[in-house]
Amino acid sequence: MHTFYGPFTQIVTLRGLSLRGALKDEQLEIITDGGVIYDEYGYITSVGKFQDLVLISKTQNTCYVHIDEPLVLLPGFVDCHTHACYAGTRTQDFAMRMAGKSYLDIARAGGGIMHTVRATREASLEDLTDLTYARLQRIREEGITTCEVKSGYGLTVEDELKMLQVIADLKAESSIGLDLVPTCLAAHIKPPEFESQKAYLDYLLHELLPTIRAKGLSQRVDIFVEETAFDVENARYYLTKAQEMGFDITLHADQFTPIASRLAVELNARSADHLEHSTDREIKLLANSNTVAVALPGASMGVGDKFTPARKLLDAGAILAIATDLNPGSAPMGNLRWQASILAMYEKLSTAEVFAGITFRAAFALGRQDRGTIEVGKRADFTAFKLSDYRDILYQASHQQIIDGTWVKGKVF
Ligand code: NIG
Ligand code: FE
């Protein structure tokens, strides 16, 4: 049985756009009075003018759902970088940063990430599940249909597995309304129990990653490369071994110091995320690679730092995605569409570049090329807005009430 929805005032398909580089709004395909049909497996079989689809639907066993209000349909949004699984709060850090303390100073004083690690270790699996579920429901309501979630606040085998189990349980929960992509960020910082970075990374390589693979808890390994976290040599060692074990890799790179995007490119990482302090040298390297440059405007705002040089990255030909980095420390605000709209205003991005950055380019960063555009063969993941003009999606970026709902593999939420 197929399902046919229409007529939509506008369908912004995002099909036919380049994976990399700058985009102009004139390149956007906007189907007015459009319709979409998908099959019982949740994959799109037709998209086009509503009237044309009426004819097609007559030749198939189709359930028709009539749209009787103005709606704009887009591919479901993809948030390709979050730390939505954690316990506790970092209210104190935020207040201190507003008053002038730096993120790195707070980390050096034993606060920061370690503060959340202590709270997350203390939380039971059930409590951590409830906290994460609530955050993910908010993310779903913001029009996201695919969401990456990292571990990284456990930093022991037991606590990292607890975090990844919470994410796996929620991924399997039918009411969640999101496709979750789990990432192991056990290499977030070196916990004080370990003498050296190498000793901790060896512990992860021998005691954690094999279990994650055996249990199928994650395909992806991330590391924070920074002065207060891991250095480049140790990161190269760890990521190379993780790749040999079959993991995809991604890096927290160039957030404060431009040292890691070179390594990301060297190792052909899926993505290099942050890049607030990347220079022209790193921009060029990323632009000549298949490593997605992920801008995290919420982290720039949350630590009061500059934005990722998104305009320069696009003009150089990089693949640019935009994500929230939702986490209790550097980026507590969430709201992908609002963050993307602010980044666009400061970095001078077109609507097409923003939409691409939170759909198919973000999906590519996660190795999920089966989604992110509305075209035949892709997943029926959509977000509908109670609007008549797609440009209002970013103009009304902080308005939650314009979101009508989402479809995840054809299931309506
Ligand atoms: O992406 N930079 C490292 N990790 C997170 C922050 C985590 C935290 O402060 O709790 C980030 O900004
Ligand atoms: Fe992050």
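None of the figures in this text is laboratory data; all of them are computed from the coordinates on show. These numbers come from a predicted model, not from an experiment. Don't worry about glycine lacking a Cβ; one is built from the backbone with ideal geometry, like all the others, and counts go over all protein chains shown.
Of the two radii for region 77-365, the radius of gyration is 0.93 times the Kirkwood radius, both from the alpha carbons; that is the Rg over Rh value. Working ranking of peptides 394-404, 39-49 by packing, defined as the average number of other Cβ atoms within 10 Å per residue, highest first, is 39-49, 394-404.
If the limit is 31 Å between Cα atoms, which of K215/K411; K215/K306; K150/K411 go over it?
Details: K215/K411 27 Å; K215/K306 40 Å; K150/K411 25 Å.
In this structure, K215/K306 lie more than 31 Å apart at Cα.
Farthest towards the positive end of the charge dipole of the chain, among the residues A340, Q137, S175, is the Cα of A340, using unit charges on the Cβ of Lys, Arg, Asp and Glu. Taking amide H atoms as placed 1.01 Å from N in the peptide plane, the amide H of D179 lies under 5 Å from those of T146, C147, each 5 or more residues away in sequence or on another chain.
Below 8 Å, C-alpha to C-alpha, sequence gap of six or more: please give me the relative contact order for the chain in percent. It would help to have the intermediate numbers written out before the result.
On the way: 957 pairs, mean separation 87.9, N = 413.
Taking the mean separation of contacting Cα pairs over the length of the chain, I get 21 percent.
Here the gap between Q400 and Q137, fully extended at 0.36 nm per residue and compared with their Cα-Cα distance, gives a gain of 93.4 nm. Per residue, the convex hull around the alpha carbon atoms of region 138-267 comes to 116 Å³.
Which of the GluC sites (Glu not before Pro) found in region 200-265 are loop residues per DSSP with 16 or fewer other Cβ atoms within 10 Å of their Cβ?
Taking region 200-265 and a limit of 16 other Cβ atoms within 10 Å, the loop GluC sites (Glu not before Pro) found are E227.
Cβ-Cβ distance of A95 and S124, R₀ of 30 Å, FRET efficiency by 1/(1 + (r/R0)^6): the value works out to about 0.60.
Could you compute the net charge surrounding A344? Neighbours are other residues with a C-beta less than 15 Å from the C-beta of A344; K and R count +1, D and E count -1. Show your work: numbers first, answer last.
Details: positive: K24, R311, K312, R337, K348, R361, R391; negative: D25, D315, E347, E353, D392.
So the environment of A344 carries a net charge of +2.
Per-residue 3J(HN,Hα) values for region 70-79, derived from phi via the Karplus relation 6.51 cos²θ - 1.76 cosθ + 1.60 with θ = phi - 60°, read x, 9, 10, 10, 10, x, x, 6, 10, 9 Hz in sequence order (x marks Gly and Pro).
The share of Cα pairs per 5 Å bin across region 327-380, counted from zero up to the longest distance, runs 4, 18, 20, 20, 20, 11, 4, 1, 0 percent.
Our note on the geometry: Cα centres of region 1-80 and region 297-354, 27 Å apart.
Placing a label point 7 Å from the Cα of T279 along the Cα-to-Cβ line, the residues of region 285-310 whose backbone N sits under 19 Å from it are 285-288, 306-310.
Given the chain, what percent of its DSSP beta bridges are antiparallel, to the nearest 5? Numbers along the way, then the final one.
Details: 23 of 57 bridges.
Antiparallel bridges: around 40 percent, rounded to the nearest 5.
Candidates T240, H66, V376 compared by Cα position along the dipole of the chain: farthest toward the positive end lies V376, with charges placed on Cβ. Note on the chain: helix-only mean residue ellipticity at 222 nm, from DSSP H runs of 4+ residues weighted -39500 (n - 2.57) and normalised by residue number, equals -10000 deg cm²/dmol. Taking only the Cα atoms of region 214-278, the ratio Rg/Rh comes out at 0.98, with Rh defined as the Kirkwood radius.
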